[in-house]
Amino acid sequence: MMRASRAGRPLQSVFSRILTGRLSMRRQTAMLGLALVLPVVLYLLVTQAYPFISALLTSLTDKRIGAPGEFIGLGNYVDLVQDETFLHAVRNSILFTASSILLKLVFGVVMALVLNQELRFRSLWRALLFLPWTIPTIVTVLTFQWMYSATGGVINSVLLRTDLLHRPIDWLGVPLNAMAAVVIVNVWRGTPFFGISLLGALQGISREQYEAAETDGANVLQRFLYVTIPGIRDVALLVTLVSTIWTLNDFQIIWVLTRGGPADATQVFATLTYTSAFLNLDLARGIAISMASVPLLVLLIIGTARSVLRQEA
Amino acid sequence: MRFFKLVSILVLLVTLISACGPAATPAAPAAAPALAQPTTAPAPAAAKPTDAPAPTTAPAAPKPTTAPAPTTAPAAPAAPAAGQTTMTFWMVKTFVEPSNQMILDRVKEFEKQNNVKVDVKLAAYEDFRPLWAAGIESGNLPDVSYMAYQEVGAFYRQGVLMDLSDLMKQIQDKNGQMTESVVRVISFDSKQWAVPYYPSATILFYRKDLFKKAGISKAPDTWQEFIDDAKKLTDAKADVYGAGLGLGRNDSDAEWWTRQIMWSQGAALFSKDGLKATVDSPEGIKAYEMMKTIFTSDITPPGAIGWDDSGNNKAYLAGQAAMIINVGSVYYTLQSDPAQKELFDNTGYALVPQGPNGRFINGISNNLGIFKKAKNPELAKKLIAFLLDKDFQKEWMKASGYQVIPVYPDLAKDPFWDSEAGKVFTETPKYFQYLGYAGPFTPAAGEVYNQRLGDDTIEKILVQNKPIDAAVKQLNVDVQKIIDKYNK
Amino acid sequence: MKIRRLTGCAVSYFLLFVMLFIALAPIYWMLVTSLKGESEIYKLVPTLWPKELTWEGYTNLVGNTGFMSWLKNSAIVALAVSAVSLFFSVLAAYGLARLRFRGRQAIGTLILVAYLLPPTLLFIPLYILITRLHLQSSMQGLIFAYPTITIPYATWVLTSYFTSISVDFEEAALIDGCSRLGALRRIVIPLSAPAIVSTFIFCFTLCWSEFLFALVILTGANSTVPVGLAGLILGDVARWNQIMAGAIITSIPVVILYTLASRYIVSGLTLGGVKG
């Protein structure tokens, strides 16, 4: 039975396709696949791969801004491992990123679940909860800095007035507080990213799946675990990964609030890199610092890619 | 396997293309939206992208070894079709808006007189870092660039600056000698590598009414007096604190006043030849003890340890601090805002306190420099000379509200400075010292400042309860490490 | 049943209001600051509502700075970059999610690896590249640079959305004689409309609030909003009411965009006629 497709080419029946045409279908599919990804790949090769490799090679030299560098092998890396400030940065980066991501993920899931309910004025709530993400980062950071301040700062002022505190909290001058302060800003700003993205994933789960589970006798928790979570799994993984990379490389929030202080309590890779490369003009060392986070991230990326792309197309 | 071959071929291709220089035809420049707003809008008109210069000598070549040294690119002025040259001028935003506008107007004058277009980029000091880095690495540099003296020193050492000794001579022959202390700091190897444009100085601002109330007759003259006075002035219940001194890493004021204490007590981070770290001394320990006292006597506003540059301004304007040490930006705010009149009337001015070793004021020296790779060096020199013209300097200084100390010392005698504050500001240049004291400015000194090592030390003492002599010893070790890095 | 539904409802509303409070409190502070006069801003005890409400933050911002042109530039760049990124990312994501080809996983991985280098370091080689293409000091340069931020994210997020859509729909279409690309256009895109729209909006906001590239690539006359607003901070003095006014104004277009987009989307697989 031959049926003509809209393009006029005769389409073979499934049976004959399997016998004769399958290979060429596969090759066609493969070529189409490559063609579809090619623009993106080319662009990224030029704009990311080349700079990445160039940066990596530079980190093996002693290059400073404005002067050529000489090859020194792993000299920068050896130096860093013995540098106390760098080791602080490693610890702080992990602490900052892990706590931020965890909080954002939890709050994001909650946000998505709540917004997926049939509440009144849903669109309005969604738009309002989206707002923190839309304010330019620099303004957000400065606003929080002011709110944290003990001089005219609204957080301390309100807490003092309602007698919840007796002395103002020194948000930025005490190491633990400073780390909390920067995490709070990052989480405030970044939760909508998780929330709205996960909402999109939730909306892709059809109601029928829930109804089917309910008729099968699943309770709320079981429906959550066996319908909701698998449905948002891929998106959640992705969003977490992307946000992890962004958070690990986050510069503005910490730089403007504390610049890595007090006493290196909030020094992370991004701030240390900036100081090295742009203030001290030591470009090679700055790159080496950033490269420190790469191996771990590559592992995460490979794991995620494999997981999301696991199914056969 | 085939995939990887494909990828590696692509990567090679890309690297070859990039290494071989510009192949793409220049894209039509986006006409900058014409600015209807007349005043503080930063740049005059349409930005024409100038030709990318010296394609092969870009220092950021991925090849690890050689790469040619950045020699002077032949200054081919970019000439767009209209036959008019376009120059680029990077200038820092001062804290006083009218003075920024005046510079723009002056540049417009220059454009008219020389039939050129000047593309002005006004940016905050901190934002210049990535700009300079990207500019130097890509070879796409402005013709005239603002530089603080730290950059002059650092860039000089990288060999990217043009020797401006002749220009200095020409300017000084025409307008008179500039103040010695500001010329000194940008001189290396007996040559001048930038032209001083405006120094700033910190002075002591204090509340005359609070002083009266506390029974103090005059501003403190020594640091010990400062501490004693601060104690008398502090009234925690009224949320008033005597010492409005901050310590955050973003508080560059902190780097200044801590050094003022250090140097006035006879301590110094660097030796006279700049090769040894010398802070681990009895004087150094005494200086840090003094700093610790300031922050452990409850005489500083809460949260001062985490202040940024605006922390002390805010504290003073809110009436929370009785004394602060700041540049003239506070004066400008007080004077120009009618709602601050009462505070303005109650403000007194004095030189920063001294110590047994004398009085030290950190010279904040702002200069104009020319990179070797500038495309229009001759025009650049002209522009600098035009901006350093004494008559313009007089007008500009008046528009800048005491934030600017004139580079020509006789301008300091102008009646403009005939006020309580003015008299104090004009006295400051003779006390100027710079990073690198007790030696000249070195990149090591710049790095110590960038890393906030001095600040860090007092923070560790306060926040981690580190004993002072251990902390100072550690500071010495760290500073020495940095010195050695630059001198190996 | 009803009680359960009621408590479920109550819990949702409670959580909603807690989240709204946390999200909006700082923004309220920004709003209030934008309506204050300069000296009231500096008061030691902050006022939660301006004692003297003034619009000078807004009027000064719009009148004395290049704010409107910053808005225009930001909008142009963000729209252009988002559109282009989405277009190519949808194609690439479909290829990664649905089509089998050699090196699929490797390419997918490499796209994300692109993100590893932080912008603070990436921008120097990128800027050199832009200079060589004569795109410096122009909006085109910015439009060229921004997809480095948006494309890896967009490609991958869309890939993950696409893989979570059941293949049944497309298979049905393919059997009916549709080509792969037709299936993409007619089935996958409509089904993942919510995802595509939210990805578009996130790309938009990524460009909208980006600072570093805009600072370096554009000249003084051409600024985007973040660079322009940051320029209102002059060391230790700043025009706070103007800056906050700028922040408030800046967030409005995005919120409107999002509200319109989310109303337009039909959520869920309700296109009907697919099952059975």
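Multiplying the residue separation of C:L260 and C:L20 by 0.36 nm and subtracting their alpha-carbon distance yields 84.4 nm. Computed from label points 7 Å out along Cα-Cβ, the spacing between B:S336 and B:A238 is 3.1 nm.
On alpha carbon coordinates alone, what is the Rg over Rh value for segment B:86-187, Rh being the Kirkwood radius?
Working: Rg = 14.7 Å, Rh = 15.3 Å.
Answer for segment B:86-187: 0.96.
A cut-off under 11 angstrom between Cβ atoms defines the neighbours of A:A277, and their net charge, with Lys, Arg +1 and Asp, Glu -1, is +2.
Which peptide among B:245-252, A:229-236 comes first, and what is the full order, when sorted by highest mean count of other Cβ atoms within 10 Å? Don't skip to the end; give the middle numbers.
Details: B:245-252: 26.9, A:229-236: 19.5.
My ranking of the peptides, most packed first, is B:245-252, A:229-236.
Its Cα gyration tensor gives chain C an equivalent ellipsoid, and the semi-axes of that ellipsoid, as √(5λ) in whole Å with the largest first, are 40, 29, 15.
Where Lys and Arg each count +1 and Asp and Glu each count -1, what net charge lies around B:D309 among other residues with Cβ under 9 Å from its Cβ? So the surrounding residues net to -4.
In summary, the lysines within cross-link reach of B:K218, defined as a Cα separation below 17 angstrom excluding same-chain residues under 8 places away, comprise B:K208, B:K231, B:K232, B:K423. Close amide H contacts of B:Y197 (hydrogens built in the peptide plane, cut-off under 5 Å, sequence separation of 5 or more or a different chain): B:N366, B:N367, B:L368.
Would you tally the net charge around A:G75, using a Cβ to Cβ cut-off of less than 14 Å, leaving A:G75 out, and scoring K and R as +1, D and E as -1? Walk me through the numbers before you get to the answer.
On the way: positive: A:K63, A:R64, A:R285, B:K485, B:K488; negative: A:D62, A:E70, A:D79, A:D83, A:D282.
Counting the neighbours of A:G75, the net charge comes to 0.
Sorted fewest first by neighbouring Cβ atoms within 10 angstrom, B:R157, C:R98, A:R91 come out as A:R91, B:R157, C:R98. Taking square-rooted eigenvalues a ≥ b ≥ c of the alpha carbon gyration tensor, is segment B:332-482 rounded, prolate or oblate, where a/c under 1.5 means rounded and, failing that, a/b exceeding b/c means prolate? Since a/c reaches 1.5 but b/c is at least a/b, the shape of segment B:332-482 is classed as oblate. Rounded to the nearest Hz, the phi-derived 3J(HN,Hα) couplings of segment C:141-156 under the Karplus curve 6.51 cos²θ - 1.76 cosθ + 1.60 (θ = phi - 60°) are x, 5, 5, 6, 7, 4, x, 4, 8, 8, 5, x, 4, 4, 4, 6, where x marks glycine and proline.
Residues whose amide H lies under 5 Å from that of B:V240, counting only those 5 or more places away or on a different chain, are B:D235; hydrogens are built 1.01 Å from N in the peptide plane. Sort chain A into rounded, prolate or oblate with this rule: let a ≥ b ≥ c be the square roots of the eigenvalues of the Cα gyration tensor; rounded if a/c is under 1.5, and if a/c is not under 1.5, prolate when a/b is larger than b/c, oblate otherwise. It comes out oblate by the Cα gyration axes. Near B:R207, the amide H atoms lying under 5 Å from its own belong to B:G348; only residues 5 or more places off or on other chains count, and H is placed 1.01 Å from N. For segment A:155-313, the calculated P(r), taken from all Cα-Cα distances in 5 Å bins from zero up to the bin holding the longest distance, is 2, 8, 11, 12, 13, 13, 10, 10, 9, 6, 4, 1, 0, 0 percent. Derived scalar couplings between HN and Hα for segment A:75-92 equal x, 4, 5, 4, 4, 5, 4, 9, 8, 5, 4, 5, 5, 4, 4, 4, 4, 5 Hz in order, rounded to whole Hz, by the Karplus curve 6.51 cos²θ - 1.76 cosθ + 1.60 (θ = phi - 60°), x for Gly and Pro. Using a cut-off of 27 Å between Cα atoms, the listed pairs B:K121/C:K36; B:K372/C:K72; B:K169/B:K372 include B:K121/C:K36; B:K372/C:K72 as exceeding that distance.
Two decimals, Cα atoms only, Kirkwood Rh: what is Rg/Rh over segment C:87-241?
On the way: Rg = 19.7 Å, Rh = 17.9 Å.
Here Rg/Rh amounts to 1.10.
Arranged from fewest to most other beta-carbon atoms within 10 Å of their beta carbon, C:W156, C:W29 become C:W29, C:W156. The distance from the alpha carbon centre of segment A:91-159 to that of segment B:329-355 is 38 Å, rounded to a whole number. For the options C:S209, C:S166, C:S89, a Gaussian network treatment of chain C with springs between C-alpha atoms closer than 10 Å singles out C:S166 as fluctuating the most.
Projecting the Cα positions of A:A180, A:L159, A:S197 onto the charge dipole of segment A:78-308 (unit charges on Cβ atoms of Lys, Arg, Asp and Glu, taken about the Cα centre) puts A:L159 furthest along the positive direction.
Over the protein assembly as shown, the Kirkwood radius and the radius of gyration, each from Cα atoms, give a ratio Rg/Rh of 0.99.
Only aspartates and glutamates eight or more places from A:K104 in sequence, or on another chain, were considered; those with a Cα closer than 19 Å are A:D234, A:D250. Answer rounded, prolate or oblate for segment C:56-143, using the Cα gyration tensor with square roots of eigenvalues a ≥ b ≥ c: rounded when a/c is under 1.5, else prolate when a/b is larger than b/c, else oblate. Prolate. If only the Cβ of Lys and Arg carry +1 and only the Cβ of Asp and Glu carry -1, the dipole of the protein assembly as shown around its Cα centre is close to 3840 debye. Cross-link partners among lysines for B:K481, C-alpha distance below 28 Å, same-chain residues fewer than 8 apart left out? Partners within reach: A:K63, B:K272, B:K276, B:K286, B:K292, B:K460, B:K466, B:K473. Taking R0 as 22 Å, what's the FRET efficiency between A:F121 and C:T7 from their Cβ-Cβ distance, rounded to 0.05? The formula returns an efficiency of 0.60 here. Shielding by partners for peptide A:106-118, expressed as the average number of C-beta atoms from other protein chains within 10 Å of each residue's C-beta, is 3. Phi angles of segment A:120-130 translate, via the Karplus equation with coefficients 6.51, -1.76, 1.60 and θ = phi - 60°, into HN-Hα couplings of 6, 6, 3, 4, 5, 4, 4, 5, 5, 6, 7 Hz per residue; Gly and Pro are given as x.
Only the coordinates and a few stated rules stand behind these numbers; no lab work does. Keep in mind that what you see is a predicted model, and the values were worked out from it rather than measured. Don't worry about glycine lacking a Cβ; one is built from the backbone with ideal geometry, like all the others, and counts go over all protein chains shown.
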